[in-house]
Amino acid sequence: LLLRWQRRRGLWKKVQEAQQRQERSLVRMERAVQRFREQHPSVDTVSILSLPLPELSKKLRDGSLPLEHVFYAYVGKALQITIETNCITEYLEESETQLRKVKQVEKPGLLYGVPISLKDSIDCQGHDSTLGFVKNISKPAAEDSVVVQVLRRQGAIPFVKTNVPQSLISFDCKNLIFGQTFNPLLYSKSPGGSSGGEGALIGGGGSILGFGTDLGGSLRFPAAFCGICALKPTGNRLRYSMNALFWSLPVVAAVGPMAKDVESLVLCMRALLCEDMFNLDSTVPPLPFNEEVYSSTRPLRIGYYETDFFTMPSPAMRRAVRETKQLLEEAGHTLVPFELTNVDYAVFNFCVKGVFADGGVSFANNFKGDLKAHGVRLFIWLSKTPNWLKTLYSWITKPFHISMPFISFVSFFSTVDEVWSLHHEIEEFCHQFIAQWKKLNLDVMLCPMLSPALPIGYPEKLSAAVSYTMLYNALDFPAGVVPVTMVTEEDEEELKGYQGYFRDWWDRTLAEAFHGSVGLPVAVQCVALPWQEELCLRFMKEVETL
């Protein structure tokens, strides 16, 4: 007991040190901004912050806007947003040095002088990638990740890292080191996760371009909850390592951009899909950005669905799809109903079982010798129990959680053959899905996106609500999020009749979470076939414009 107490005391001491470092970072940001304002009192930061990324980058490249003005305008705004939402974990002080070096470059890249933010889990040389784990404090990355290296070569200036939930397996944003991040639109709501710090910072206007990761919706939830845009590319279009959280997964993780508008995502993808990316990582297919596909104006044939028949959409979610469908038809596009089947089977058998194929043992091992957030303690306990006990526990709790027999799926495979069978089954499911897509001759798909933002604390109770997003991780399709409307009083009134498909505790909790959201943004998902990010972005732009 004494040894355990000493170990815990040591961990809490590390937490305290990390929090103090975070506070010192914010003080350095404040001093840097103050120094700049004293030297340049007449700079109009409001007009700088109002510029969309394509216009801002053009002004930076042609020299009509000084780099320092843009950089310190965003440092100042980021400081304000993190004071309100607790989204920044660290200020990258060397960004001020990089700012001076970038000015000396002869041939400016597409993101020349653009200040960008990075999710905690994306490696940046000399800085921690904690993933919310105390044991990762004071273990700085030895080198930049490939994405960060390419961004620097394109002239971008990473200036902050942002908060995540512990282990990244959550669509909320809270850990024991840096605490809870709040939604900039309404502080009682979650910013989404696991790229929640990015969502809050960009949604509040403190960053013009950020980068997160997505294993089950971790880019798309924060975008939808904070009213911004995001793109989850095909898994290997931009290379991302899961920082040894998992080994090879049948469910594919991806790194992608987040921004206020679609054109900003497009500029980012143009910058990243370059020779530097292909040379630095030979596993990335050498596919430059296809301008012809993105700029095409031919009418699209679009599949759509309003529900996955597992997670009942809120009235606002259903309305968002219907209104977008109508606008697309009026613009000359063809909309075709797409019937989803067995989404619950796909989510539990492919996604949950795929990620936790060893019964969650590898995942739980990450928590060894670390402090554990409240939401993961039950899961860690379950990962250590034998399969027969998990099955029994699942059977006992099933009357209360009809829609979510989660426990029985966190069971280990006893043979390699079973793991191979799972991979084969996912492959077959993907082939069937694409066959249905091709039969309808579709270009893209319009889908619901879980929104509006849920209250803080609810995402950890509603883990199965990832059904709308995680499906496209299992399929490894590119998927983007675009905000299209806001919750109305009529939507709120309709919620009184919301019961869900199973009418169990989970459905009642989701109905409770949807309440009190009038005025918050509601998004849709835009999906394309693998490696067709340009078509996905073209569709997103069409939706955004309409």
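Scan (1) in contact (Cβ under 8 Å) with a residue 40 or more places away in the chain; (2) of a type outside the set (S, T, N, Q); (3) out of contact with any helix residue (DSSP H, G or I) (no Cβ under 7 Å at 6 or more places or on another chain) for the single condition Leu273 breaks and write down its number.
Of everything listed in (1) in contact (Cβ under 8 Å) with a residue 40 or more places away in the chain; (2) of a type outside the set (S, T, N, Q); (3) out of contact with any helix residue (DSSP H, G or I) (no Cβ under 7 Å at 6 or more places or on another chain), Leu273 misses just condition (1).
What pairs can you find where one residue is in segment 13-26 and within 13 Å of Lys161 (Cβ to Cβ), the other is polar (S, T, N, Q) and open to solvent by 100 Å² or more (accessible area, probe 1.4 Å), and their Cβ atoms are less than 7 Å apart, with a gap of 6+ or different chains?
none
Identify, please: which residue in segment 420-452 is surrounded by fewer than 18 Cβ atoms within 10 Å (Cβ to Cβ) and of a type in the set (A, V, I, L, M) and is, among those, nearest to Tyr345 (Cα to Cα)?
We begin by selecting, within segment 420-452, every residue surrounded by fewer than 18 Cβ atoms within 10 Å (Cβ to Cβ); these are 420-425, 427-428, 430-432, 434-436, 438-441.
In the following step, the residues that additionally are of a type in the set (A, V, I, L, M) were identified as 422, 434-435, 440.
On the way: Leu422: 12, Ile434: 18, Ala435: 19, Leu440: 23 Å.
Here the residue is Leu422.
Return the residues of segment 298-327 that are assigned to a loop (DSSP other than H, G, I, E, B) and either surrounded by 14 or more Cβ atoms within 10 Å (Cβ to Cβ) or not assigned by the TED database to the domain that holds Glu493 (or both); say none if nothing qualifies. Don't jump to the end; show me each part of the working.
Filtering segment 298-327 for residues assigned to a loop (DSSP other than H, G, I, E, B) gives 298-300, 305-314.
Of everything in segment 298-327, those that are assigned to a loop (DSSP other than H, G, I, E, B) and either surrounded by 14 or more Cβ atoms within 10 Å (Cβ to Cβ) or not assigned by the TED database to the domain that holds Glu493 (or both) turn out to be Leu300, Tyr305, Glu306, Thr307, Asp308, Phe309, Phe310, Thr311, Met312, Pro313, Ser314.
Looking at segment 483-498, which of its residues are touching a strand residue (DSSP E or B) at 6+ places or on another chain (Cβ under 8 Å) and open to solvent by 60 Å² or more (accessible area, probe 1.4 Å)?
Scanning segment 483-498 gives a single hit, Met486.
Being open to solvent by less than 70 Å² (accessible area, probe 1.4 Å), free of Cβ contacts under 8 Å to residues at least 24 places away in the same chain and assigned to a helix (DSSP H, G or I) is the filter here; which residues of segment 366-389 pass it?
Ile380, Leu389
So how many residues does segment 49-83 have that are part of a helix (DSSP H, G or I), touching a residue at least 40 places away in the same chain (Cβ under 8 Å) and surrounded by fewer than 16 Cβ atoms within 10 Å (Cβ to Cβ)?
Residues meeting the conditions: 3.
Is it the case that Pro521 is within 16 Å of the chain's Cα centre (by Cα) and either farther than 21 Å from Gly216 by Cβ or buried (at least 23 other Cβ atoms within 10 Å of the Cβ) (or both)? I'd like the intermediate steps shown before the answer.
Working: within 16 Å of the chain's Cα centre (by Cα): no; either farther than 21 Å from Gly216 by Cβ or buried (at least 23 other Cβ atoms within 10 Å of the Cβ) (or both): yes.
When the stated conditions are applied, Pro521 does not pass them.
Hey, does segment 124-132 have a residue that's within 21 Å of the chain's Cα centre (by Cα) and either within 22 Å of Leu265 (Cβ to Cβ) or in a helix (DSSP H, G or I) (or both)?
Scanning segment 124-132, I find at least one residue that is within 21 Å of the chain's Cα centre (by Cα) and either within 22 Å of Leu265 (Cβ to Cβ) or in a helix (DSSP H, G or I) (or both), so the answer is yes.
Collect the residues in segment 206-226 that are of a type in the set (Phe, Trp, Tyr) and open to solvent by 10 Å² or more (accessible area, probe 1.4 Å), keeping them in residue-number order.
Those that are of a type in the set (Phe, Trp, Tyr) and open to solvent by 10 Å² or more (accessible area, probe 1.4 Å): none in segment 206-226.
Where residues in segment 249-297 are under 30 Å from Val522 (Cβ atoms) and charged (D, E, K, R), which of them is most open to solvent (accessible area, probe 1.4 Å)?
Lys260
Which strands (runs of 3 or more DSSP E) does segment 137-237 wholly contain that include 1 or more residues that are of a type in the set (S, T, N, Q)?
It comes to 157-162, 209-214.
Taking Lys14, is it touching a Leu at 6+ places or on another chain (Cβ under 7 Å) and not polar (S, T, N, Q)?
It is false that Lys14 is touching a Leu at 6+ places or on another chain (Cβ under 7 Å) and not polar (S, T, N, Q).
For the subset of segment 129-168 comprising residues that are among the hydroxyl-bearing types (Ser, Thr, Tyr) and surrounded by fewer than 24 Cβ atoms within 10 Å (Cβ to Cβ), which member is farthest from Asn236 (Cα to Cα)?
That would be Ser138.
So if I check each of Val70, Val33, Val102, Val46, which one is hydrophobic (A, V, I, L, M, F, W, C), in the same structural domain as Gly197 (by the TED database) and over 19 Å from Leu201 (Cβ atoms)?
Residue meeting the stated conditions: Val102.
Can you pull out the residues in segment 148-196 that are out of contact with any strand residue (DSSP E or B) (no Cβ under 8 Å at 6 or more places or on another chain) and either aromatic (Phe, Trp, Tyr) or without any contact (Cβ under 8 Å) to a residue 40 or more places away in the chain (or both)?
Residues satisfying the conditions are Phe171, Tyr187.
Return only the number of the condition from (1) surrounded by fewer than 23 Cβ atoms within 10 Å (Cβ to Cβ); (2) within 15 Å of Ala453 (Cβ to Cβ) that Ala200 does not satisfy.
(1)
Checking Tyr501 against (1) open to solvent by less than 20 Å² (accessible area, probe 1.4 Å); (2) in contact (Cβ under 8 Å) with a residue 40 or more places away in the chain; (3) touching a helix residue (DSSP H, G or I) at 6+ places or on another chain (Cβ under 9 Å), which test does it fail?
If we test Tyr501 against (1) open to solvent by less than 20 Å² (accessible area, probe 1.4 Å); (2) in contact (Cβ under 8 Å) with a residue 40 or more places away in the chain; (3) touching a helix residue (DSSP H, G or I) at 6+ places or on another chain (Cβ under 9 Å), just (1) comes out false.
Only residues that are open to solvent by 70 Å² or more (accessible area, probe 1.4 Å) and assigned to a helix (DSSP H, G or I): list them for segment 39-48, please.
Gln39, Val46
Kindly provide the set of residues from segment 84-105 that are open to solvent by 30 Å² or more (accessible area, probe 1.4 Å) and of a type in the set (Ser, Thr, Tyr), ordered by number.
Thr97
The values are calculated or read from the model by the stated rules, or taken from the named source; none is laboratory data. Model, not experiment: these values are computed from the prediction. Glycine gets a Cβ as well: all are built from the backbone with ideal geometry, and neighbour counts include every protein chain shown. Note: accessible area is taken over every heavy atom of the protein model, side chains too, but ligands, DNA and RNA are not part of it. Shrake-Rupley method; radii C 1.70, N 1.55, O 1.52, S 1.80 Å.
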